[in-house]
Amino acid sequence: MTLPDLDDLIAEVDRRCDTAHRPGGQEQPDWLALLTVAAQLSGQMQALADDLVEDYVEHCRMHGNSWTDIGAALGVTRQAVQQRFHAPHKRYSPETMTDDLRQAMVHVKQAAVHHRNNYIGTEHLLWGLTAEDNSATRLLQTAGVSPEAVHQSVGNRLSMGASQAAERIAWTPYSRKAIDIAEARSEQHGSDRIDCEDLLIGLARVGRGVAADVLTEAGLDPAALDAAPADAHSSQHE
């Protein structure tokens with residue numbers, strides 16, 4: 001893969017902000033408009049770069065590397081790398097979840113602990129969401145997918161690890177993306193609490209990870225989830 005150089009990025013800014021250039025080229029372009037687009041593009045690239053590093057930090061942690069080793073690899077102190085990658089996140093607080101999702105998260109944590117995994121992957125989330133009847137399982141049924149079959153399929157993919165860590169179990173990047181999507185969806189529906197169906201849709205929309213693979217193999221079209229009749233859902237965010 002060839003990384004873009006500065007000329008490529010400037011051309012992309014021009015393409016995204018073609019209205020900033022005056023007709024006929026007789027006047028100066030709208031430099032502030034171009035700067036705004038350049039800043040947006042830079043932010044997107046920085047976010048992607050951060051995701052890339054974060055993904056490998058998660059894998060290092062899963063495979064037993066210490067925070068000291070990870071910090072050394074990144075050229076920073078152990079404290080600095082822990083502060084950047086190990087801080088708790090408010091979105092994962094039980095107060096932001098409905099009762100059904102909190103119950104599902106009990107199953108999620110049990111799956112990770114039972115399999116001695118020191119991370120919460122999309123497979124753990126999907127396994128927990130399909131462990132009991134809730135808005136996620138009913139949404140699957142409405143979309144023509146068997147929750148029981150999904151639960152069994154994702155359960156077969158849970159692998160046994162060797163973690164003895166007593167520290168907080170970390171969420172993988174794809175899991176965090178899924179709950180970000182879930183949070184945004186719940187807010188769009190006027191709720192301050194994330195429900196099971198929100199997280200299911202988040203897992204499907206991420207498009208990568210074990211959960212997305214299982215849902216795709218089960219024949220689920222992510223677009224079909226939001227298209228499901230509203231009366232087929234649970235009393236949403238009750």
_What's the total number of residues in region 125-138 that are among the aliphatic types (A, V, I, L, M) and surrounded by fewer than 24 Cβ atoms within 10 Å (Cβ to Cβ)?_
1
*Would it be correct to say that THR122 is open to solvent by less than 70 Å² (accessible area, probe 1.4 Å), under 17 Å from CYS196 (Cα atoms) and either touching a Cys at 6+ places or on another chain (Cβ under 8 Å) or modelled with pLDDT under 90 (or both)?*
no
_For a quick check of your reading of the model, give me the residue pairs whose first member lies in region 100-119 and is basic (Lys, Arg), whose second is exposed (fewer than 14 other Cβ atoms within 10 Å of the Cβ) and outside any helix (DSSP H, G or I), with beta-carbon atoms closer than 8 Å and at least 6 apart or on different chains._
ARG116/MET160; ARG116/ALA162; ARG116/GLN164
*Answer residue from region 163-208, given it is of a type in the set (A, V, I, L, M, F, W, C) and either at pLDDT below 85 or assigned to a loop (DSSP other than H, G, I, E, B) (or both) and is surrounded by the fewest Cβ atoms within 10 Å (Cβ to Cβ) among those*: ALA166
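Conditions (1) closer than 25 Å to PHE85 by Cβ; (2) part of a loop (DSSP other than H, G, I, E, B); (3) open to solvent by 100 Å² or more (accessible area, probe 1.4 Å), marked per residue:
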{"position": "PRO4", "(1), (2), (3)": "no, yes, no"}
{"position": "ASP7", "(1), (2), (3)": "no, no, yes"}
{"position": "ALA11", "(1), (2), (3)": "no, no, no"}
{"position": "LEU32", "(1), (2), (3)": "no, no, yes"}
{"position": "ALA38", "(1), (2), (3)": "no, no, no"}
{"position": "ASP51", "(1), (2), (3)": "yes, no, no"}
*Could you check, for region 72-94, whether at least one of its residues is hydrophobic (A, V, I, L, M, F, W, C), within 20 Å of THR172 (Cβ to Cβ), modelled with pLDDT under 80 and outside any helix (DSSP H, G or I)?*
yes
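The values are calculated or read from the model by the stated rules, or taken from the named source; none is laboratory data. Since we're looking at a predicted model, the values are computed, not measured. Neighbour counts are summed over all protein chains in view; Cβ atoms, including those assigned to glycine, are modelled from backbone coordinates with ideal geometry. In case anyone asks, the SASA skips ligands and DNA or RNA and just uses the protein heavy atoms, side chains included. Shrake-Rupley method; radii C 1.70, N 1.55, O 1.52, S 1.80 Å.
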